[in-house]
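These notes are about the structure you will find just below.
We did not get these values from a lab; they are worked out from the coordinates using the rules stated. Here the structure is a predicted model, which is why all the values come from computation and not from measurement. FYI the Cβ positions are ideal-geometry reconstructions off the backbone, even for glycines, and counts take in every protein chain you see.
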Amino acid sequence: MSKMATREAYGRTLQEIGSDERVVVFDADLAGSTNTGKFKAVFPERHFDMGIAEANMVAAAAGMATCGKIAFVSSFAMFASERACEQIRNSVCYPNLNVKVCATHAGITVGEDGASHQCLEDLAIMRALPNMTVLCPADAASARYAVKAAYENDGPFYVRLARLATDSFYGDFGSEVDFKIGKALQIKDGTDVTIIACGYMVEQAYEAVSILEAEGISARLLDMHTIKPIDVEAIVKASRETGCIVTCEEHSIVGGLGGAVAEALVENAPCPMLRVGVNDVFGRSGTPAELMAAYHLTGFDIAEKCKQVIALKKA
Amino acid sequence: MTADERKELELFSARMRRWIIEGVYNAKCGHPGGSLSCTDLICYLYNRELNVDPADPDNPERDRFVLSKGHCAPALYSALGLRGFFDVEEMKNLRKIGSFLQGHPCKAITPGIDMSTGSLGQGISTSVGMAMAGKLDNKDYRVFSILGDGEMQEGEVWEALMSAAHYKLDNLCAFLDNNGLQIDGKVDDVMSLGDIKAKTEAFGWNTVVIDGHNFDEIEGALKAFHENKGSGKPFFVIAKTHKGRGVSYMTDDPSWHGCAPKEDKYLIAVEELDAKIKELEG
């Protein structure tokens, strides 16, 4: 199966849903990179470039949403979620409007652009906002469903998308995926530990499962594509059936997937849990592969973390 | 405008001011100064300009109004209440727990509020989005917005002005409630705005300057806005106003920006405004 970036899947899905005239798309001078250009190529009259002015873009999209439009808004995650954070809060989430923030180039795998462009806080910030649904799909096929879910369901959405092409877990783009908001997808069952990953980290976690398997350790792998509302049921089940959990995200260890899982776990079915993520530091320039290694986000790192958490279970 | 029509507007404004004072006094907090400075603008819009219907506040064909300077909600609520969007007596519950009259406008719970505002700079951007939607759908509705002069210091305002010109939004009319004062004092002392007329024109808007308390001048500005249709340029009205207008001791005093009158001051305001209402009713 071929690799495809979730951002490309986003652009292609916009073309699909664009036949609905309520769909409008905003970009801030990054239409080529975010892939909203694919929508523009087919529906130019409903694609609005707002220039490099993300705050105005998000609030203008909110204004359009009050007029019955389903407004998709895109930029790099850094600028969509943090430059325009307060507009998302006060002009989108507070009035509970149909604005879908689809943020690309999230995480450390932005690579060479360095820390200023490596958004590592968006999941934490976006999931703290009332009325917001937060999605982070792992591959192109599921990204299509994530974008369609944002389109089909009323209210604010944040969809975190990646720059890099990723392996497919659910088939090529266009394949059927049993994607439901708030329901984790189990990629592999296991009994000794559960790895809960989102976005690009599902690929690394999948590698960790193989490493562990070779050592006789059975790991369950959950693709937690919905960060909010988090799938409490799958987390509780993982705790009860495997007794320990490792979370993996290409995001700060503060407040993102790890935070959301920890909250659900502690309140419902506590068990040992460790987090793989960027350890509360800024990133730097480098190739994505070099950065994944430098910040201990590889399949090998996840496998090591799994062994640590299994030891905690036995302690 | 006939003398009777003018008097009717003056009476509506006086009643708005009376409710602004009533609301802020009962809430023991709020923003009377700026509410009183934009009262006449809102009065004119809701009586003679906006195509809105209290019985059908969400009609998709309606004109939109966004109070970008959301802290002046008491002025907007008074107009909406007096126009019958809800019982104006609710003004007595302004800012109180359980009331649908929040400290700043909340679209989700208040009839007639087209957009939640309060965080300065965002209202004009949302107005731009509404005007863009009108253009996209070939609708005839217009979008009106009122900004504060302190608000003009927000960078987002200039992003919005730029985008309105770029998208040729001649269906958008923005008023600047130019009372010259903000919380910390005179706008010119805090952060001067320079020549707003020249700046907005340089940003691609057609701009006029009026006395924001003179109904004939407000009417003239809106007539110019009507004639502006088809120009492809958004329309900006710099309305010269006085903060605290209509209450003697509040007029031009920045200390009444975000401060409610205690009972003694409240009674003075009531006496002044009731006398004005009586005079106009007579």
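Label positions at residue B:264 and residue B:137, each projected 7 Å from the Cα along the C-beta direction, are separated by 5.4 nm. Could you give the longest part of chain A that holds none of the GluC sites (Glu not before Pro) found in DSSP loops with at most 14 neighbouring Cβ atoms within 10 Å? Between the exposed loop sites, the longest stretch runs A:22-175.
Remark: C-alpha extents of chain A on the principal axes read 60, 38, 36 Å, sorted largest to smallest. Placing +1 on the Cβ of every Lys and Arg and -1 on the Cβ of every Asp and Glu, with nothing else charged, gives chain A a dipole about its Cα centre of roughly 420 debye. Each residue of segment A:71-80 was assigned a 3J(HN,Hα) from its phi angle through the Karplus expression (A = 6.51, B = -1.76, C = 1.60, θ = phi - 60°), giving 9, 8, 10, 9, 6, 5, 3, 3, 8, 5 Hz with x at Gly and Pro. Here the sum of -39500 (n - 2.57) over DSSP H runs of 4 or more residues, divided by the residues of chain B, equals -13000 deg cm²/dmol at 222 nm, to the nearest 500. For chain A, relative contact order (Cα pairs under 8 Å, six or more residues apart, normalised by length) works out to 17 percent. One way to sum up the overall shape of segment B:181-282 is the equivalent ellipsoid from its Cα gyration tensor, whose semi-axes run 32, 21, 8 Å, largest first. Straight-line cross-link partners of residue A:307 among the aspartates and glutamates, defined as a Cα under 15 Å from its Cα and at least 8 positions apart when in the same chain: A:192, A:207, A:213, A:215.
Residues whose amide H comes within less than 5 Å of that of residue A:188, counting only those at least five positions distant or on another chain, are A:221 (H built at 1.01 Å from N in the peptide plane). By DSSP, what percent of the beta bridges with both residues in segment A:126-255 are antiparallel, rounded to the nearest 5? In segment A:126-255, DSSP labels about 35 percent of beta bridges as antiparallel. Close amide H pairs (under 5 Å, H built 1.01 Å from N) link residue B:175 with B:145, B:146, B:147, B:237, residues at least 5 positions away or on another chain. Straight-line cross-link partners of residue B:262 among the lysines, defined as a Cα under 23 Å from its Cα and at least 8 positions apart when in the same chain: B:28, B:92, B:96, B:243, B:276. So for segment A:4-166: antiparallel DSSP bridges make up what percent, rounded to the nearest 5? Percentage antiparallel, nearest 5: 10.
Under 5 Å between amide hydrogens, built in the peptide plane, is the criterion, and for residue A:70 it picks out A:23, A:24 among residues at least 5 positions away or on other chains. Backbone N atoms of segment A:237-264 closer than 14 Å to the 7 Å Cα→Cβ label point of residue A:280 belong to residues A:252-256, A:259. Backbone N atoms of segment A:262-280 closer than 16 Å to the 7 Å Cα→Cβ label point of residue A:296 belong to residues A:273-280. For segment B:3-281, the antiparallel share of DSSP beta bridges with both residues in that region comes to about 10%.
Its alpha carbons give segment A:196-270 an Rg and a Dmax of 12.0, 34 Å. Could you state the angle between the C-alpha long axis of helix A:54-65 and the longest principal axis of the C-alpha atoms of chain A, as a value from 0 to 90 degrees rounded to the nearest 10? It is inclined by approximately 70 degrees.
In the protein assembly as shown, the convex hull through the Cα atoms has an average projected area of 28.7 nm², a quarter of its surface area.
Rounded to the nearest 20, the Cβ-based charge dipole of the protein assembly as shown about its Cα centre (Lys and Arg +1, Asp and Glu -1) stands at 540 debye. Modelled this way, with points 7 Å down the Cα-to-C-beta line, the labels at residue B:58 and residue B:211 are 4.3 nm from one another. The angle between the Cα long axis of helix A:299-314 and the main principal axis of chain A comes to about 50°, on a 0 to 90 degree scale. When only the Cβ of Lys, Arg, Asp and Glu is charged (+1, +1, -1, -1), the dipole of chain B relative to its Cα centre reaches about 380 debye.
Shape verdict for segment A:185-314, please, from the Cα gyration tensor: rounded (a/c under 1.5), prolate (a/b greater than b/c) or oblate. Oblate, since a/c reaches 1.5 and b/c is not below a/b. Taking only alpha carbon atoms, segment A:73-231 gives an Rg to Rh ratio of 0.99, where Rh is the Kirkwood radius. Applying 1/(1 + (r/R0)^6) with R0 = 56 Å to the Cβ-Cβ distance of residue A:311 and residue A:152 gives a FRET efficiency near 0.80. Note on residue B:183 and residue B:5: the model spin-label points, each 7 Å out from Cα along the C-beta direction, lie 4.1 nm apart. All distinct Cα pairs of segment B:3-281 go into the 1/r average, and the inverse of that average, the Kirkwood radius, is 18.5 Å.
The separation of segment B:92-140 from segment B:229-252, counted between C-alpha centres, amounts to 19 Å.
Exposure proxy for A:6, A:166: other Cβ atoms within 10 Å of each Cβ, ordered fewest to most, give A:166, A:6. A straight Cα-to-Cα reach below 13 Å connects residue A:228 with the aspartates and glutamates A:122, A:263, residues fewer than 8 places away in its own chain not being considered. Annotation: average projected area of segment A:4-166 is 7.9 square nanometres, based on the convex hull of Cα atoms across all directions. Please go through segment B:218-282 and write out the trypsin sites (Lys or Arg not before Pro) that DSSP classes as loop and that have at most 11 other C-beta atoms within 10 Å. Those satisfying the criteria are B:262.
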